[in-house]
1. Give 118, 89, 130 a once-over and let me know the one that is in contact with a Gly (Cβ under 9 Å, 6 or more places away or on another chain) and at pLDDT 95 or above.
2. I want to confirm something. Restricting to the range 56-79 and keeping residues that are acidic (Asp, Glu) and modelled with pLDDT under 95, which single residue is surrounded by the fewest Cβ atoms within 10 Å (Cβ to Cβ)?
3. Condition first: in contact with a helix residue (DSSP H, G or I) (Cβ under 8 Å, 6 or more places away or on another chain), more than 19 Å from residue 14 (Cβ to Cβ) and open to solvent by 30 Å² or more (accessible area, probe 1.4 Å). Can you find one or more residues in the range 87-97 that meet it?
4. Out of 119, 112, 123, 160, which single residue is hydrophobic (A, V, I, L, M, F, W, C) and over 26 Å from residue 18 (Cα atoms)?
5. Tell me whether the range 38-55 contains one or more residues that are at pLDDT below 85, of a type outside the set (Asp, Glu), exposed (fewer than 10 other Cβ atoms within 10 Å of the Cβ) and not in a loop (DSSP other than H, G, I, E, B).
6. Residue 121 fails exactly one of the following numbered conditions: (1) touching a strand residue (DSSP E or B) at 6+ places or on another chain (Cβ under 6 Å); (2) buried (at least 18 other Cβ atoms within 10 Å of the Cβ). What is the number of that condition?
7. Scan the strands (runs of 3 or more DSSP E) fully inside the range 64-161 and keep the ones with 3 or more residues being of a type in the set (A, V, I, L, M).
Amino acid sequence: MREELYRKLKERLEALCIGVDGVYYDAATEDMADADSVEKERAIKHIDLWNHNVEFIEQEAAWERPAVFIEFVPFKWKAIVPGIEYRAEPIVNLHVVTDWVSQDADVRQFGLLDRIHELLAGLEGETFMEFDIDSSSTNHNHEDIVENIETYTCVAFRHLR
């Protein structure tokens, strides 16, 4: 479940682009009639698993921002058919890290959070479904960055045999 969910999240997040006009779009699905004439780039520069990355930002190799780190919070499997089928309701935190630039620019980062939610709401796979947002928080306790934590839940399945 975690591998499939991570791959799908990463695929969706990598498809999010931003034009020079500051408009976000999903390069994988949205009609870009003027795609050749629009200067665009990936909106999210770095995607990885969470490993307390912002706590050790000075000690790590630099990563470009905006960055999204995917954290799988510990969860408990419930046996539906013991030894064969299990279900859980995992919590997944997306740590969206941006540079602290200025008040106006920092407020615009919430648009990125909204666009990420549009891309991920309702995401499903073979081992999970009902991926949706549960809560949001903003962490201002860093000098040069802002960390927004978007918490999602889903229903997960594990089938053995």
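1. On the way: 118 fails: in contact with a Gly (Cβ under 9 Å, 6 or more places away or on another chain); 89 fails: in contact with a Gly (Cβ under 9 Å, 6 or more places away or on another chain).
That would be 130, the only listed residue that is in contact with a Gly (Cβ under 9 Å, 6 or more places away or on another chain) and at pLDDT 95 or above.
2. Residues of the range 56-79 that are acidic (Asp, Glu), as a first pass: 58, 60, 64, 71.
From what is left, the residues that are modelled with pLDDT under 95 are 58, 60, 64.
Working: 58: 7, 60: 12, 64: 10.
Step by step, filter the range 56-79, then rank; the result is 58.
3. There is no residue in the range 87-97 that is in contact with a helix residue (DSSP H, G or I) (Cβ under 8 Å, 6 or more places away or on another chain), more than 19 Å from residue 14 (Cβ to Cβ) and open to solvent by 30 Å² or more (accessible area, probe 1.4 Å).
4. Values: 119 fails: over 26 Å from residue 18 (Cα atoms); 112 fails: over 26 Å from residue 18 (Cα atoms); 123 fails: over 26 Å from residue 18 (Cα atoms).
Answer to the check: 160.
5. At the first step, the residues of the range 38-55 found to be at pLDDT below 85 are 38-40, 52-55.
From the residues that got through so far, the ones that are of a type outside the set (Asp, Glu) too are 38, 40, 52-54.
Cutting the leftovers down to exposed (fewer than 10 other Cβ atoms within 10 Å of the Cβ) gives us none.
Checked the range 38-55: no residue is at pLDDT below 85, of a type outside the set (Asp, Glu), exposed (fewer than 10 other Cβ atoms within 10 Å of the Cβ) and not in a loop (DSSP other than H, G, I, E, B).
6. (2)
7. Values: elements: 67-72, 78-81, 85-88, 91-99, 128-139, 145-159.
Fully inside the range 64-161 and qualifying: 67-72, 78-81, 91-99, 145-159.
The values are calculated or read from the model by the stated rules, or taken from the named source; none is laboratory data. Note that the coordinates shown come from a computational prediction; the quantities given were computed from them, not determined experimentally. Neighbour counts are summed over all protein chains in view; Cβ atoms, including those assigned to glycine, are modelled from backbone coordinates with ideal geometry. Just so you know, the surface numbers come from the protein's heavy atoms only, side chains and all, with ligands and any DNA or RNA stripped out. Shrake-Rupley method; radii C 1.70, N 1.55, O 1.52, S 1.80 Å.
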